[in-house]
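The values are calculated or read from the model by the stated rules, or taken from the named source; none is laboratory data. Because the structure is a prediction, the values reported are computed rather than measured. No Cβ is skipped: glycine too gets one built from the backbone with ideal geometry, and neighbour counts run over all protein chains shown.
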Amino acid sequence: MNRLYGPLDDVAGDAGHVEHPPRVGFFTDTSVCIGCKACEVACKEWNAVPEDGLDLLGMSFDNTGMLGADSWRHVAFVEQPRRTAHQDPAFAGLPTGPSGIPETAGAVEPRLEAAPRGGSELGTNPLPPGGPEPQELGMPGFSRPGDLTGPESRTDFRWLMASDVCKHCTHAGCLDVCPTGALFRTEFGTVVVQQDLCNGCGYCVSGCPYGVIDRRQHDGRANKCTLCYDRLGDGLEPACAKACPTDSIQFGELDELRERADRRLAQLHDLGVSEARLYGRDPDDGVGGDGAFFLLLDEPEVYGLPPDPHVPTRDAPSMWKRAGQAAAAFLLAGAAAFLAGGRR
Amino acid sequence: MPEAEFRSYYGRPVLKAPVWEWKIAAYLFCGGLAAGASVVAAGADLTGRPALRRSSRLGSLGGLLASLYFLVSDLGRPARFHHMLRVLKPTSPMSVGTWILSAFGAGAGAAAVAEVVPRRWRGTWPARLLGRLARPLGVSAAATAPGVASYTAVLLSHTAVPGWNEVRDELPFVFVGSAAASGGGFGMLCAPVAEAGPARVFAAVGAAGEIVAARVMEHRLGLVGEVYREGHVGRLRKASEALTAAGLAGTLLVAHRSRAGAAASGIALLAGSALQRFGVFEAGVASTKDPKYVVVPQRERVDARTAPS
């Protein structure tokens, strides 16, 4: 049956829906993402997700940081000193400096350590001050970057951009641990929080192996992507997919999306992009496959995704067994103590 | 241990840090104390130890009330605490725990209230009924107490938090040991030496179990063991072990002949149990803040799977 772990063909049926529509999801092909963040904006607009601080995080063009209660789409920007396959060497004649990653990471990391939740509240609050002093970059000039050093200091580089979103797992850690029934499986096979039921216990926040769902400050309830449940009901595609100008975010029936992703992966491999890989597509993975899965051009952790997540429910039977053994030992110790002590 | 090599997104965390505050750690202690004390109370009731029974019943109720306060006030929407009672969900340890705690609370609460009925009401029929029901209710609390003492380990381990998830095999034993040490320690603190013999045995077995289980847990952990050994959490856990060991020694050596020694041993056991809970809680929180504890073990698993055999 695989109700706790492993592949599950009919998630909506398993949740009790009869005669339900086919399971839907996202295929996010990051190889064509241009980092425009239209998905982030469209999501905020449609779902009335509140503003969460117009902050500059000081590490890249990404000023959202990560997914959270007030960021249901997050566009990651990764700058790397390498090329993508037969990438047009558009900068061959231009001087460019080395990747900024070590420097930017060095500026951000000490401030992350000082943040109350290690930075996972980002997208909600500005980072606390601290760490290295801001550097004077000078006034914007008319000379091109690297003009002064000449072409010998040029390096290859590429941008990786990826729009992250709730994965709508086959076995969803957040849904499994929710004690109120606020989180539920929709007839489309997606996972949604019912705001009128959530009491903000925060268990889902720790239950999610992807760090997606979070509790909204000043509201106290858990929030995350609903895969635009309201739009699905009216036969519309989610706002982010609608807004995506390059079709990096593709919405559709999950079975069809998986076939499409397999074809795209084969195409990229034929083109020599051997680093292309699918993430979350495999129904045999630790969460039974993601409803929202990705084509990535590097290892998942480079995008802030866990390389091999699993739903904690996988180990529920063994955990309860151990707890039962411990409980028996506890009761036995108590009974033995009084039997040995005798009556008074 | 050399610094682990791994890649990440600008060093940012992969997981969300738990939104739970120190109140949840305080609950872990108070719930364990309530469970341990209720076992001592039922045993004292059945073996004719009235002073131990009375103090343990009241201690159990005190622990229970503190638990409820900590649990409800840590919610994002405390006024909706009763939404926990909408469903019974086997996949959610918090839901299972809610019902275990409800069953436990009814028995432990009623048994404690029976101890404090004012003298002038004792002749009334509700007081006489409560007096007769106190023993079965107290025993029912003791019967559900093992659930209260152990489910909190599953509550923490049933998460993606590496510092909690990866100790899932040992944590129940650490927590029931801690609960027994605090419940027995409370009995030693409050009851006369002559009556507290079984409380001493219970506390000593619990403290020894807690120390051994915690040692095994720490020893077995890989990379994430760092969060248990280092920094603030490391100091909390060292202090916990020292206090529990001192309480255990005092229980075995002096608590049977000295009232003051028994009280001091009881206090040491209670403090050791509390610090144990705070240490485990904080270790989990720390493990979410550094992506290394998520990425490195998972990357090793992937590489082991894809390596040519």
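Below, the figures for the structure above:
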{"read-out": "Near pairs, Cβ below 9 angstrom, 6+ apart or cross-chain, from the range B:44-66 (over 17 Å from A:Leu339 (Cα atoms) and within 14 Å of another protein chain (Cβ to nearest Cβ)) to any residue that is buried (at least 19 other Cβ atoms within 10 Å of the Cβ) and among the hydroxyl-bearing types (Ser, Thr, Tyr)", "value": "B:Ser56/B:Ser38; B:Ser60/B:Ser38"}
{"read-out": "Number of the exception - A:Asp290 against (1) of a type in the set (D, E, K, R); (2) within 11 Å of chain B (Cβ to nearest Cβ); (3) buried (at least 21 other Cβ atoms within 10 Å of the Cβ)", "value": "(2)"}
{"read-out": "Test result for B:Val233, crowded, with 23+ Cβ neighbours inside 10 Å, modelled with pLDDT of 95 or more and under 23 Å from the mean Cα position of the chain (by Cα)", "value": "yes"}
{"read-out": "Residues satisfying the stated conditions in the range B:1-30, i.e. farther than 13 Å from B:Phe278 by Cα, of a type in the set (Gly, Ala, Ser) and either in a helix (DSSP H, G or I) or within 9 Å of chain A (Cβ to nearest Cβ) (or both)", "value": "B:Ser8, B:Gly11, B:Ala17"}
{"read-out": "Members of the range B:53-69 that are within 17 Å of the chain's Cα centre (by Cα) and buried (at least 21 other Cβ atoms within 10 Å of the Cβ)", "value": "B:Ser56, B:Gly59, B:Ser60, B:Leu61, B:Gly63, B:Leu64, B:Ser67"}
{"read-out": "Boolean, A:Gly220 is surrounded by fewer than 21 Cβ atoms within 10 Å (Cβ to Cβ) and facing chain B (nearest Cβ under 8 Å)", "value": "yes"}
{"read-out": "Residue within the range B:262-284 that is crowded, with 24+ Cβ neighbours inside 10 Å, within 11 Å of chain A (Cβ to nearest Cβ) and in a helix (DSSP H, G or I) present", "value": "yes"}
{"read-out": "Filter result (among the aromatic types (Phe, Trp, Tyr) and either under 30 Å from B:Asp290 (Cα atoms) or touching a Cys at 6+ places or on another chain (Cβ under 9 Å) (or both)) within the range B:122-161", "value": "B:Tyr151"}
{"read-out": "Positions within the range A:307-323 being more than 8 Å from chain B (Cβ to nearest Cβ) and either crowded, with 22+ Cβ neighbours inside 10 Å or assigned to a helix (DSSP H, G or I) (or both), in sequence order", "value": "A:Val311, A:Arg314, A:Pro317, A:Lys321"}
{"read-out": "Answer from A:Leu236, A:Leu197 - the residue that is part of a loop (DSSP other than H, G, I, E, B), of a type outside the set (Lys, Arg), within 14 Å of another protein chain (Cβ to nearest Cβ) and at negative phi", "value": "A:Leu197"}
{"read-out": "Filtered residues of the range A:58-67 (kept if touching a strand residue (DSSP E or B) at 6+ places or on another chain (Cβ under 7 Å) and not polar (S, T, N, Q))", "value": "A:Phe61, A:Asp62, A:Gly65, A:Met66, A:Leu67"}
{"read-out": "Long-range neighbours under 7 Å by Cβ, at least six apart or interchain, first residue over 20 Å from A:Pro81 (Cα atoms) within the range A:294-310, second assigned to a strand (DSSP E or B) and modelled with pLDDT under 95", "value": "none"}
{"read-out": "Pair list, Cβ under 6 Å, 6 or more apart: the range A:1-30 residue farther than 17 Å from A:Glu256 by Cβ, other residue assigned to a loop (DSSP other than H, G, I, E, B) and among the polar types (S, T, N, Q)", "value": "A:Leu8/A:Asn2; A:Leu8/A:Thr170"}
{"read-out": "Search result, residues across the range B:145-173 that are within 7 Å of chain A (Cβ to nearest Cβ) and within 25 Å of B:Gly107 (Cα to Cα)", "value": "B:Pro146, B:Gly147, B:Ala149, B:Ser150, B:Tyr151, B:Ala153, B:Val154, B:Pro172, B:Phe173"}
{"read-out": "Only listed residue being at the interface with another protein chain (Cβ under 9 Å from one of its Cβ atoms) and either in a helix (DSSP H, G or I) or within 22 Å of the chain's Cα centre (by Cα) (or both), chosen from A:Ala326, A:Ala266", "value": "A:Ala326"}
{"read-out": "Hey, A:Leu254 more than 7 Å from chain B (Cβ to nearest Cβ), out of contact with any Pro (no Cβ under 7 Å at 6 or more places or on another chain) and either closer than 30 Å to A:Tyr229 by Cβ or charged (D, E, K, R) (or both) or not", "value": "yes"}
{"read-out": "Residue, farthest from A:Ala76 (Cα to Cα), within the range A:200-217, restricted to residues that are more than 7 Å from chain B (Cβ to nearest Cβ), in contact with a strand residue (DSSP E or B) (Cβ under 6 Å, 6 or more places away or on another chain) and buried (at least 24 other Cβ atoms within 10 Å of the Cβ)", "value": "A:Cys204"}
{"read-out": "Unique residue being in contact (Cβ under 8 Å) with a residue 24 or more places away in the chain, more than 12 Å from chain A (Cβ to nearest Cβ), part of a helix (DSSP H, G or I) and touching an Asp or Glu at 6+ places or on another chain (Cβ under 9 Å) when the list is B:Ala181, B:Ala134, B:Ala103, B:Ala110", "value": "B:Ala134"}
